[in-house]
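Below is one structure. I have some questions about it.
The values are calculated or read from the model by the stated rules, or taken from the named source; none is laboratory data. These numbers were taken from a predicted model, which means no experiment stands behind them. Cβ sites come from the backbone with ideal geometry, for glycine too, and all protein chains shown count toward neighbours.
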Amino acid sequence: MALKGTFRRDTIITHAGLDPEANHGIVNPPVYHASTITFPSVAAWDEAHKPGFKGYIYGRYGTPTHRAFTDAVAAMEGGHGTVAFPSGFAAVVGAILAFVKTGDHILMVDSAYFPNRRLCDNFLKNMGIETTYYDPLIGGGIRDLIRPNTKIVYTESPGTGTFEMQDIPVIAAEAHKKGCVVLTDNTWSGGMLFNAFQHGVDVSIHAATKYIVGHSDVMLGTVTCNEASLAAVESSFKSLGYSVGPDDIYLALRGLRTIHVRLKRHEENAMKVAEWLEGRPEVARVLFPALPSHPGHAIWKRDFTGASGLFSVLLKERSKPATDAFLDTLEIFRMGASWGGYESLALPVSNVLHRTAVPWTEKGLLVRLHIGLEDPADLIADLEAGFSRLAQVAKAA
Ligand SMILES: *Cc1c(COP(=O)(O)O)cnc(C)c1O
């Protein structure tokens with residue numbers, strides 16, 4: 001059985017969801033490959049379709065492999081229950097659709113993961129669901145944007161690419177006064193560094209693809225809910241026909257067991273690289289909430305227990321050939337979407353171009369860095385080589 005007492009977070013992450021007694025004493029759960037699950041009698045089949053049934057009915061709804069993982073994520077996050085989705089974005093879609101119908105209104109943070117905008121501005125709009133984008137720094141001012149038909153206040157802190165810190169407790173308090181559900185995309189914290197439920201959030205969404213999986217080899221999402229919101233998310237998962245493969249679930253559970261150790265190292269490395277970048281003449285700003293210079297540092301310190309390895313750096317350089325040369329010179333930092341694996345990545349940030357509530361006015365190139373588990377001195381040397389090349393190209397132009 002899972003641990004029965006009250007334990008600290010790292011102990012919970014190590015043990016939650018385990019049930020060796022159910023599996024010959026073997027520590028990890030078996031990977032059940034299942035579509036059909038059989039029942040011995042009509043009575044047992046009928047029983048399985050009564051509310052509150054705790055067993056397994058059909059492969060699409062999950063097996064004990066899935067439950068080991070979702071129980072562990074729920075325990076890590078301190079939520080009532082977790083539903084696994086086939087990608088992080090599928091989790092965003094499933095969580096939003098759980099709470100809106102035609103005629104409803106959503107408040108979406110302007111700095112949200114970009115595909116959220118595509119969902120809201122096309123698909124949801126066509127269904128008669130309206131979205132208003134709001135300034136991530138709005139705080140208690142959110143109250144003025146809440147309409148009688150507003151159902152969801154969607155938050156993401158820090159923001160994708162631009163790392164604004166939202167005052168989630170204040171936003172959540174205002175949202176709850178008007179009966180809205182508060183969703184947060186909690187991916188940056190890995191579910192470990194920000195306790196969403198203690199800060200007023202009802203639904204915590206993760207691209208588990210990132211730090212939970214941690215090894216750049218699985219697409220997966222999770223939605224962890226408080227008691228009041230779980231049934232709606234379970235229902236939207238079933239209605240949308242999603243299903244998550246057992247091998248992916250197993251890899252995610254394997255990744256989860258070390259997330260606390262990995263995140264510590266991501267943070268240490270990221271701090272070293274970010275502090276070094278702050279001292280560089282090529283850099284206008286480092287957008288990392290763990291740095292005292294970050295405008296959201298006080299909120300980060302108040303609400304978070306640590307930082308992960310993702311931040312952006314705003315370069316002073318405006319010429320594309322020079323900034324392209326910088327990125328192309330990097331050897332350890334490869335270019336690619338996603339993050340949260342063991343390896344370092346660099347990518348130009350373009351989602352800022354789509355801001356509507358607070359247009360992005362900076363002219364220099366914004367580069368998002370994911371700081372991996374390499375030796376930070378090698379990462380710094382790699383960036384230094386990139387800056388040398390940038391200077392050469394800028395000078396020749
Ligand atoms: C990557 C990401 C997602 C989407 O996750 P996928 O697994 O790639 O679908 C959602 N939110 C944030 C903040 C992300 O970075």
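Give me the residue from region 357-397 that is among the polar types (S, T, N, Q) and modelled with pLDDT of 95 or more and, out of that set, nearest to Glu267 (Cα to Cα).
That would be Ser388.
Now a separate question. Output the residue which, of all residues in region 307-352 that are surrounded by fewer than 21 Cβ atoms within 10 Å (Cβ to Cβ) and farther than 23 Å from Ala391 by Cα, is nearest to the ligand (Cβ to nearest atom).
Checking each candidate, the answer is Ser338.
Would you pick out the residues in region 159-208 that are of a type outside the set (Ser, Thr, Tyr), near the ligand (Cβ under 10 Å from one of its atoms) and under 10 Å from the mean Cα position of the chain (by Cα)?
Scanning region 159-208 gives Asp185, Asn186, Trp188, Ile205, His206, Ala207, Ala208.
Would you pick out the residues in region 22-50 that are farther than 17 Å from Gly245 by Cβ, part of a loop (DSSP other than H, G, I, E, B) and of a type in the set (A, V, I, L, M, F, W, C)?
Correct list: Ile26, Val27, Phe39.
Given the criteria in contact (Cβ under 8 Å) with a residue 40 or more places away in the chain, in the same structural domain as Ala90 (by TED's automatic domain parsing), within 15 Å of Ala72 (Cα to Cα) and more than 16 Å from the ligand (Cβ to nearest atom), does Cys225 qualify?
Here the answer is yes, as Cys225 does meet what is asked.
While we're looking at this one, here's another question. Need at least 3 residues that are touching a residue at least 60 places away in the same chain (Cβ under 8 Å) per element, so show me which strands (runs of 3 or more DSSP E) inside region 300-397 make the cut, counting only ones lying wholly within it.
Once the strands (runs of 3 or more DSSP E) in region 300-397 are filtered for at least 3 residues that are touching a residue at least 60 places away in the same chain (Cβ under 8 Å), what remains is 310-315, 366-370.
For Met192, all conditions in the list (1) closer than 19 Å to Asp104 by Cα; (2) modelled with pLDDT under 95; (3) among the hydrophobic types (A, V, I, L, M, F, W, C) hold save one; what is the number of the exception?
(1)
How many residues, within region 94-113, are of a type in the set (Ser, Thr, Tyr) and not in a loop (DSSP other than H, G, I, E, B)? Spell out how you get there, then give the answer.
Initially, region 94-113 is screened for residues of a type in the set (Ser, Thr, Tyr), giving 102, 111, 113.
Adding the requirement that they be not in a loop (DSSP other than H, G, I, E, B) leaves none.
Total satisfying the criteria: 0.
Take the residues in region 39-64 that are surrounded by 10 or more Cβ atoms within 10 Å (Cβ to Cβ), more than 21 Å from Pro29 (Cα to Cα) and of a type in the set (Gly, Ala, Ser), then tell me which one is nearest to the chain's Cα centre (by Cα).
Filtering first and then ranking leaves Ala48.
Inside region 51-93, can you point out the residues that are within 21 Å of Ser236 (Cβ to Cβ), free of Cβ contacts under 8 Å to residues at least 60 places away in the same chain and either touching a strand residue (DSSP E or B) at 6+ places or on another chain (Cβ under 9 Å) or assigned to a loop (DSSP other than H, G, I, E, B) (or both)?
Pro51, Gly52, Phe53, Lys54, Tyr56, Ile57, Tyr58
If we scan region 248-261, do we find a residue that is under 19 Å from Phe163 (Cβ atoms) and not hydroxyl-bearing (Ser, Thr, Tyr)?
No, every residue in region 248-261 fails to be under 19 Å from Phe163 (Cβ atoms) and not hydroxyl-bearing (Ser, Thr, Tyr).
So, one more: With the checklist (1) under 22 Å from Thr222 (Cα atoms); (2) surrounded by 14 or more Cβ atoms within 10 Å (Cβ to Cβ) in hand, flag the one item His105 doesn't pass.
Tallying (1) under 22 Å from Thr222 (Cα atoms); (2) surrounded by 14 or more Cβ atoms within 10 Å (Cβ to Cβ), His105 fails exactly one: (1).
Among the residues of region 77-94, write down those that are under 17 Å from Val201 (Cβ atoms) and either more than 11 Å from the ligand (Cβ to nearest atom) or of a type in the set (Val, Ile, Thr) (or both).
Scanning region 77-94 gives Glu77, Gly78, Gly79, His80, Gly81, Thr82, Val83, Val92, Gly94.
Still on this structure: Taking the condition within 16 Å of the ligand (Cβ to nearest atom) and among the acidic types (Asp, Glu), does Asp217 pass?
yes
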